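In what follows, a single structure is set out as structure tokens and then discussed.
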Amino acid sequence: MSVLVLGGSGYLGTAVATACRDAGDEVLVLSRRGTASVGEGLRGDVRAPGLGLSRDDLARVKARVTHVVLAFGSVSWRGGPGETLETHDAATRSVLGFLRGLPALEQAVHVSSLLVMGRAEGRVSNRELYVGQTFRNWYEYGKYCAERHVRDATDLPVGVVRFGPVLGPDPRGGVPDTRTGLQAAIPHVLAGYPVHLVRRGEFPSWASDVMSAGEVVRRALTAPIGRATWTWFDPAMPSTADVLTEVCRPWGVVPRIVEARLFDRLSRLVGARLGLAPELLDYAEPWLDLDPAVLDDIPRPWPRPEPDYLGAMGRALLGRAPAEAAR
Ligand SMILES: NC(=O)c1ccc[n+]([C@@H]2O[C@H](COP(=O)([O-])OP(=O)(O)OC[C@H]3O[C@@H](n4cnc5c(N)ncnc54)[C@H](OP(=O)(O)O)[C@@H]3O)[C@@H](O)[C@H]2O)c1
């Protein structure tokens, strides 16, 4: 099969491209920079008509591509409405329009996030999307809009795979990005600062490792997923405290996780004073009541998370001062 990975030069997109390449697929990777560490890089822009492809590349994509993965856009929780919605909301709609003009399309997969559920109350599964929730930031809302468009595109063979925080060493090599997401706590913890978490972080992180995440997306292309929604996380279900502990282990640092019984103003103030990303403070308590049985929607055998991916992430950060790990 011929797979076009939109955003395939990114952290998660590279893992998807790797899983496809290793399975023998032809892999085309689209990004604004046009670079690819796996597969053939194409320069384009998902916000532009025809994905911003050159005439030749557009003709090639139309003639060959049978499978598409939507893995574009950054995970920054700090983006404003303009950039975030342009990428996750408007561009997703425009990409779905592009898919309608792909003659050989068999299956597409949209990479979504558990954060689409925002501040949903009560237990959620793969079925729900809008349950009256509000959102903590524009990223959550942008990903919600993206999944809404995909679910509404009932004429297209496009399914959804949701992830929580995707962790592990960067498949492109180099130092993992700790600027956003759960990873943003790591530099602070490594520097010896306390992190305030409800139940001292003993609640599910819903984390997965990046390589198994890539394999699940490929599984969704070939199963095929059809129009269903899947959710993937490490079946060992590491807690948020486990994640911080394991990433810090190679540094010989035991995280100072402090009980934040009620995540009150004082805890927020302390966290903010210590430079913890304010957005992260919104996730210092159990942020989603997800039914763990959602995993059963993914056909077995499930991919195995890389052994010790959290420790490997910590080792990849070694050699940088904790403060530098934030950059
Ligand atoms: N990482 C996670 O923990 C996580 C969890 C759940 C869901 N996701 C979803 O997975 C997707 C990728 O996340 P990531 O962590 O891999 O982010 P990333 O490392 O920042 O990668 C983003 C990719 O999208 C490309 N891109 C951005 N804007 C584009 C545009 N306008 N046109 C074409 N390509 C564009 C980037 O390349 P250029 O900058 O060169 O264009 C890059 O290849 C996002 O949709 C995110 O919501 C990620």
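The values are calculated or read from the model by the stated rules, or taken from the named source; none is laboratory data. Bear in mind that the values here come from a model prediction, so they are computed numbers and not experimental data. Because the Cβ atoms are built from the backbone with ideal geometry, glycine has one as well, and the counts that use them run over all protein chains shown. Quick note on the areas: whole protein, heavy atoms, side chains included, nothing else; ligands and nucleic acids left out. Shrake-Rupley method; radii C 1.70, N 1.55, O 1.52, S 1.80 Å.
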task = Might you check whether a residue that is assigned to a loop (DSSP other than H, G, I, E, B) and either open to solvent by less than 50 Å² (accessible area, probe 1.4 Å) or under 23 Å from Ala213 (Cα atoms) (or both) occurs anywhere in the range 81-92?
result = no
ask   = For the range 93-105, which residues satisfy the criterion of being away from the ligand (no atom under 16 Å from the Cβ) and either within 21 Å of the chain's Cα centre (by Cα) or open to solvent by 70 Å² or more (accessible area, probe 1.4 Å) (or both)?
value = Arg100, Pro103
key: Those residues of the range 121-168 which are under 19 Å from Trp77 (Cβ atoms), part of a loop (DSSP other than H, G, I, E, B) and within 16 Å of the ligand (Cβ to nearest atom), in sequence order   = Phe135, Arg136, Asn137, Gly164, Pro165
ask   = Of the residues in the range 17-35, how many are surrounded by 18 or more Cβ atoms within 10 Å (Cβ to Cβ) and near the ligand (Cβ under 9 Å from one of its atoms)?
value = 3
note = Scanning the range 229-265 for residues that are at pLDDT below 95 and among the aromatic types (Phe, Trp, Tyr), the one most open to solvent (accessible area, probe 1.4 Å) turns out to be Trp251
query = Out of all the residues in the range 106-120, which are more than 15 Å from the ligand (Cβ to nearest atom) and surrounded by 18 or more Cβ atoms within 10 Å (Cβ to Cβ)?
reply = Gln107, Ala120
ask   = For Leu182, are the conditions met, namely being at pLDDT below 90, of a type in the set (A, V, I, L, M, F, W, C), within 13 Å of the ligand (Cβ to nearest atom) and open to solvent by less than 40 Å² (accessible area, probe 1.4 Å)?
value = yes
message = Go through the range 146-160 and report how many residues are open to solvent by less than 10 Å² (accessible area, probe 1.4 Å) and over 18 Å from Leu105 (Cα atoms).
response = 2
message = Exactly one condition in (1) modelled with pLDDT under 85; (2) in contact with a strand residue (DSSP E or B) (Cβ under 6 Å, 6 or more places away or on another chain); (3) open to solvent by 50 Å² or more (accessible area, probe 1.4 Å); (4) not aliphatic (A, V, I, L, M) is false for Glu306; which is it?
response = (1)
ask   = When you look at Val61, is it among the β-branched types (Val, Ile, Thr), open to solvent by less than 10 Å² (accessible area, probe 1.4 Å) and away from the ligand (no atom under 13 Å from the Cβ), yes or no?
value = yes
inquiry  = Checking the condition within 16 Å of the ligand (Cβ to nearest atom), in a loop (DSSP other than H, G, I, E, B), modelled with pLDDT of 95 or more and crowded, with 18+ Cβ neighbours inside 10 Å, which residue from Pro176, Pro171 passes?
reply    = Pro171
ask   = Does Tyr144 satisfy being free of Cβ contacts under 8 Å to residues at least 60 places away in the same chain and under 30 Å from Val247 (Cβ atoms)?
value = yes
task = Just need a number here: residues in the range 65-92 that are within 11 Å of the ligand (Cβ to nearest atom) and either closer than 28 Å to Ser2 by Cα or in contact with a Pro (Cβ under 6 Å, 6 or more places away or on another chain) (or both).
result = 13
inquiry  = Here is a check on your reading of the model: is Glu215 part of a helix (DSSP H, G or I), within 20 Å of Gly159 (Cβ to Cβ), in contact (Cβ under 8 Å) with a residue 40 or more places away in the chain and of a type in the set (Asp, Glu)?
reply    = yes
